[in-house]
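The next block holds one structure in the form of C-alpha cells; read it before the comments.
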Amino acid sequence: MSRTVAQAAVDEQTAAAVLRAENVGVSFGGIKALTDVTLEVRAGEVCGLIGPNGAGKTTLFDVLSGIRRPDRGVVRLGGADVSARGPVWRARHGMRRTFQRQQLFGRLTVLDNLVVAEEWRGGGGGIGADLLGLPSRRRRERERRARAEEILDLCGLAELRDTYAGTLPVGQARLVELARAVVDTPKVLLLDEPASGMSSAESRWLGEVVRRLVDHEHCAVLLVEHDVAFVMGLASRVVVLNLGEVLAEGTPAEVRADQAVRDAYLGSG
C-alpha cells in the first residue's frame, strides 16, 4: 500500500471516530500520569475504561472533556483537533460528561433539571420575549419540555417529573443526571462512575437505560466504572489502563482472557 493510500485509510478511520485521543501524555512533576494513550469511541458504541486505582482513568477523562490540557498528544472531536478547547466549548459541540459526585439542582423538579440543560441555546426572542410571553418563546418552551419528557420516558423517570431532585435517592438521582446529559442531543457521552452508590438491581436498570439511550440517540459512550461486571455486561469494547498506559483493548471476553490484565487488575482466580 502506498503512503498516500495508507494515510487516507488512517484519515478515514480518525474521521469515523466521534472521540479520539492520540498519544496523549500527562505528567505531574516527575510522575507520568498518562503515557502515549490512544483511544477512540464511535457513534453507537459503548466503550468501557477500566483499571486499578491510580491507573490514570480520571486524568484521561479530564483531558478528554477539556478540564486539563495534555502535555503531549491530540484530542479530536468529530475528527477536529480540540486539544486547546475548554470544557464549555466541547459541551456546546456535542460532548457531555457526568461526574462521580452528584450535581443536580436539588430545588428544581426532575423535569426542570432537564429543561435547564437545553436553555443555553437561547431562541424564542430573548429576555424581551420572556417578559412579554411572546408566542415564539412559548413555542420554544413547549419544544424543550417535550424533548425533556421524551428523555424522561426513555429513562423510566416519567412518574418523577414533578418531584424535587433534592429528595431523590442515589439511584434515581444518577438516572436524572444521565437524562440531563442526554437531553441536549450529545455526540459523545462520558460517564464517570455512573453506578457508584447503586444497588445491583439499580445498576442493572442503569445498564438497560444506557443501551436504550445509545440506540435512540446513536451517540458514542465512554464509561469509567470500578464495577467490572457492570462494564463487561454493557460495553462492546473495553480498554484497560495500568500505570498510565493502555495495557489491553478488545471485547469483554478478550480482555477477561488477557493474562496481563488478570495479573495486573482482574486477578488470576
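The values are calculated or read from the model by the stated rules, or taken from the named source; none is laboratory data. None of these values were measured; they are calculated from a predicted model. No Cβ is skipped: glycine too gets one built from the backbone with ideal geometry, and neighbour counts run over all protein chains shown. SASA here: full protein model, heavy atoms, side chains in, ligands and nucleic acids out. Shrake-Rupley method; radii C 1.70, N 1.55, O 1.52, S 1.80 Å.
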Self-check item: Distant-in-sequence amide H partners of D227 (H built 1.01 Å from N, under 5 Å)
Solution: none
Self-check item: Hz values of 3J(HN,Hα) by residue in region 219-224 - Karplus curve (6.51, -1.76, 1.60), Gly and Pro given as x
Solution: 9, 8, 10, 10, 10, 9
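Where only protein heavy atoms count, and the probe is 1.4 Å, what is the accessible area per residue for the chain in Å²? Please list the in-between numbers first.
Numbers: 13000 Å² over 269 residues.
Per residue, the chain has 48 Å² of solvent-accessible surface.
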Quiz prompt | Of all DSSP beta bridges in the chain, antiparallel share, percent nearest 5 | solution = 55
Exercise. Determine the gain in length on full extension of the stretch T38-N53; use 0.36 nm per residue of separation and subtract their C-alpha separation, reporting nm with one decimal.
Key: 3.5 nm
Quiz prompt | Gained length - A260 relative to L108, 0.36 nm times residue gap less alpha-carbon distance | solution = 50.0 nm
Quiz item: Which order do peptides 34-44, 175-185 fall in by mean Cβ count within 10 Å, highest first?
Solution: 175-185, 34-44
Quiz item: Roughly to the nearest percent, how much of the accessible area of the chain is carbon and sulfur, given a 1.4 Å probe?
Solution: 51
